[in-house]
1. Any residue at all in the range 48-65 that is buried (at least 18 other Cβ atoms within 10 Å of the Cβ), under 14 Å from the mean Cα position of the chain (by Cα), assigned to a strand (DSSP E or B) and touching a residue at least 40 places away in the same chain (Cβ under 8 Å)?
2. Among (1) of a type in the set (D, E, K, R); (2) assigned to a helix (DSSP H, G or I); (3) under 15 Å from residue 11 (Cα atoms), which single condition is residue 75 missing?
3. Quick one: in the range 66-82, which of the residues that are farther than 21 Å from residue 35 by Cβ and surrounded by 12 or more Cβ atoms within 10 Å (Cβ to Cβ) is nearest to the chain's Cα centre (by Cα)?
4. Does residue 93 meet the test of being among the β-branched types (Val, Ile, Thr), surrounded by 15 or more Cβ atoms within 10 Å (Cβ to Cβ), under 13 Å from residue 13 (Cβ atoms) and modelled with pLDDT of 95 or more?
5. Which of the residues that make up the range 96-110 are among the acidic types (Asp, Glu) and either buried (at least 16 other Cβ atoms within 10 Å of the Cβ) or at pLDDT below 95 (or both)?
Amino acid sequence: MSEQVTEGTPVIVVLPAEIDVTNSEQVFGKLSAAMTPGVSLVIADLTTTVFCDTSGVRAMVYAHEQAGDGGVELRFAIPVTGSVRRVLELTGIIRLLQVYPSLGEATDAR
């Protein structure tokens with residue numbers, strides 16, 4: 001039985017605790033798979049992710065680009081404290097992505 005998504009209902013993709021070269025392609029694949037026809041909002045939940053290297057950042061950027069090309073809004077829930085947020089800030093990528101400090105704020109944002 002396949003899941004049906006109601007228009008306007010966000011698809012939440014929970015990402016792993018660590019994102020690195022060993023699983024960044026899987027992370028991109030999960031985000032990409034969530035962008036199915038009829039989905040207008042995907043939220044990448046990184047609230048429990050404690051490590052993300054440059055390959056993970058690259059996967060997030062590629063997913064962001066794919067979302068834009070497909071007319072899907074992609075939001076990232078990343079806590080204010082922690083190394084993942086810090087890496088995005090240091091690289092300047094945080095200015096490119098829609099980043100929210102919690103899953104609730106990412107879900108509720110208008």
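The values are calculated or read from the model by the stated rules, or taken from the named source; none is laboratory data. All figures in this text were calculated on a predicted structure; none of them were measured in a lab. Neighbour counts are summed over all protein chains in view; Cβ atoms, including those assigned to glycine, are modelled from backbone coordinates with ideal geometry.
1. no
2. (2)
3. 79
4. It is false that residue 93 is among the β-branched types (Val, Ile, Thr), surrounded by 15 or more Cβ atoms within 10 Å (Cβ to Cβ), under 13 Å from residue 13 (Cβ atoms) and modelled with pLDDT of 95 or more.
5. Once the filter is applied, which keeps residues that are among the acidic types (Asp, Glu) and either buried (at least 16 other Cβ atoms within 10 Å of the Cβ) or at pLDDT below 95 (or both), the range 96-110 yields only 108.
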